[in-house]
Amino acid sequence: MSTNFNKHNMKFLEGRRLRRLRSSAWQRNMVRQNAIVPSDLILPIFIIDGENERSSIKYMPNIERLSVDLAVKRAKLAYQAGIPAVALFPKADESKRNEQASEAINKDNLICRALSEIKSSVPEIGLITDVALDLYTSHGQDGLMRDNIILNDESVDVMVKSALIQAEAGADIIAPSDMMDGRVGAIRIALDESGFEQIPILSYSAKYASSFYGPFREAVGSSSLLKGNKFTYQLDFANSDEAILEIEQDILEGADMIMIKPGMPYLDIIRQAVDRFNIPIFAYQVSGEYSLIEYGAQNGAIDRDSAIFESLMAFKRAGCTGVFTYFALEMAQKLNK
Ligand code: PBG
């Protein structure tokens, strides 16, 4: 009996054909594990001052900075395509930047104006705001700086105020992306004390010091100002345990959702986080990842549409709840067809 079984088993293994399930489109569809739907996608939008203004971004083909009125239109398209939320990134006029990042706490700043306009015109879509000081400092660092040191607690104080005015202007989700210690807890307490206990925090917990942010920094006007690097606060890309520790810490401080960033080079971190924490995990397919795909396709090295689809599916396979991607609108519209 057992000899017969072993014989059968041997034969079975010899004849085993894993390609059976790949033999036709319907068969592949039947066994496919993951799918992308528009509600997986979050659309970042770059915002500038003015009316009916758009400006192209040097290293991000097909992406433009938009004045608030045009950003409203884009947010409407995103909503119609089934995208749940947009992430807003203002490019403050360079004259508004200073050492104290005071524009970050100006209630009439560009991000607040964008928030209230989009909120009143497209109330159905979620508005996510980035909290960090690099958009407002004269040196382009995410925190305040003294003697070349990025100050932690002083920066957190400014960011707490910045988060509060964003909430007042209509932000639905606050997303601190600065990597200072203690900012999630401080923002949570301040939101709760101001009656914003319903606003979730999406913390960029595992944000690596990455070269892949280059095109973004040009887009928001900080690349020419930034000297040096962000190594004293963003994560060392040689490390993974540290990312887990950061996530653990942010959850303890009250984060509702977690971001891992960049995306594709960090799928291992995403997978570890998904396996460990019962909390929604998002990834950011950042500007450099976007540009590489666009440039590769423009030069004929890869097929654009299938590369985009594959890259987004990789995030779903890694277990992400959703992906921040500059391809969001285009992809959502294609998925609806
Ligand atoms: C701000 C911020 C950055 C990005 C998102 N928020 C840049 C940085 O940390 O230097 C990068 C996003 C992208 O590259 O698409 N702290």
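Using all Cα-Cα distances in region 1-91, what percent lands in each 10 angstrom bin from 0 up to the longest?
14, 24, 16, 13, 12, 9, 8, 3, 0
Roughly how many Å is it from the Cα centre of region 203-231 to that of region 281-297, as a whole number?
Taking the Cα centre of each part, region 203-231 and region 281-297 sit 14 Å apart.
For a quick check: sort Ile63, Ile48, Ile128 by the number of other beta carbons within 10 angstrom, fewest at the front.
Listing Ile63, Ile48, Ile128 from fewest to most nearby Cβ atoms yields Ile63, Ile48, Ile128.
Restricting the calculation to Cα positions, tell me the Rg (one decimal) and the Dmax (whole number) of region 108-190 in Å.
Expressed in Å, the Cα Rg and Dmax of region 108-190 come to 13.3, 45.
So how strong a dipole does region 175-278 carry about its Cα centre when Lys and Arg Cβ are +1 and Asp and Glu Cβ are -1, to the nearest 20 debye?
500 debye
Choose one of Asn9, Phe237, Ala307: the residue whose Cα lies farthest towards the positive end of the charge dipole of the chain (beta-carbon charges +1 Lys, Arg; -1 Asp, Glu; about the Cα centre).
Looking along the dipole axis, the top candidate is Asn9.
Can you compute the label reach from Arg19? Point 7 Å from Cα along the Cβ direction, backbone N cut-off under 14 Å, restricted to region 304-321.
none
At most 10 other Cβ atoms within 10 Å and a DSSP loop assignment: could you name the GluC sites (Glu not before Pro) in region 182-244 that fit?
Sites meeting the loop and neighbour criteria: Glu197.
Given the pairs Lys161/Lys337; Lys73/Lys227; Lys227/Lys316; Lys76/Lys230; Lys73/Lys261, which span a C-alpha to C-alpha distance of over 31 angstrom in this model?
The answer is Lys161/Lys337; Lys73/Lys227; Lys227/Lys316; Lys76/Lys230.
Simple spin-label model, 7 Å along Cα-to-Cβ: Gln27 to Leu245 in nm?
5.0 nm
Translational diffusion coefficient, Stokes-Einstein: compute it for region 40-336 using the Kirkwood radius over C-alpha pairs as Rh, at 25 °C and 0.890 mPa s, and state it as an integer in µm² s⁻¹.
The estimated diffusion coefficient comes to 129 µm²/s.
Counting other beta carbons within 10 Å of each Cβ, put Ile111, Ile36, Ile150 in order, fewest first.
Arranged by neighbour count, lowest to highest, Ile111, Ile36, Ile150 become Ile36, Ile150, Ile111.
Give the aspartates and glutamates reachable from Lys96 as a straight Cα distance under 18 Å; neighbours fewer than 8 places away on the same chain don't count.
Asp49, Asp108, Asp130, Asp134, Asp142, Glu218
Evaluate Rg over Rh across region 189-249, taking Cα atoms for both radii and Kirkwood's formula for Rh.
My calculation puts Rg/Rh at 1.09.
Among Ser102, Ser291, Ser177, Ser56, what is the fewest-to-most ranking by other Cβ atoms within 10 Å?
So the residues, fewest neighbours to most, are Ser56, Ser102, Ser291, Ser177.
Treat each spin label as a single point 7 Å out from the Cα along the C-beta direction, and report the Phe12 to Asn98 distance in nm.
The modelled label-to-label distance comes out at 7.6 nm.
No value in this document is a laboratory result; all are computed from the given coordinates. Given the structure is predicted, the values throughout are model-derived calculations rather than measurements. Glycine also receives a Cβ, built like all others from the backbone with ideal geometry; neighbour counts cover every protein chain displayed.
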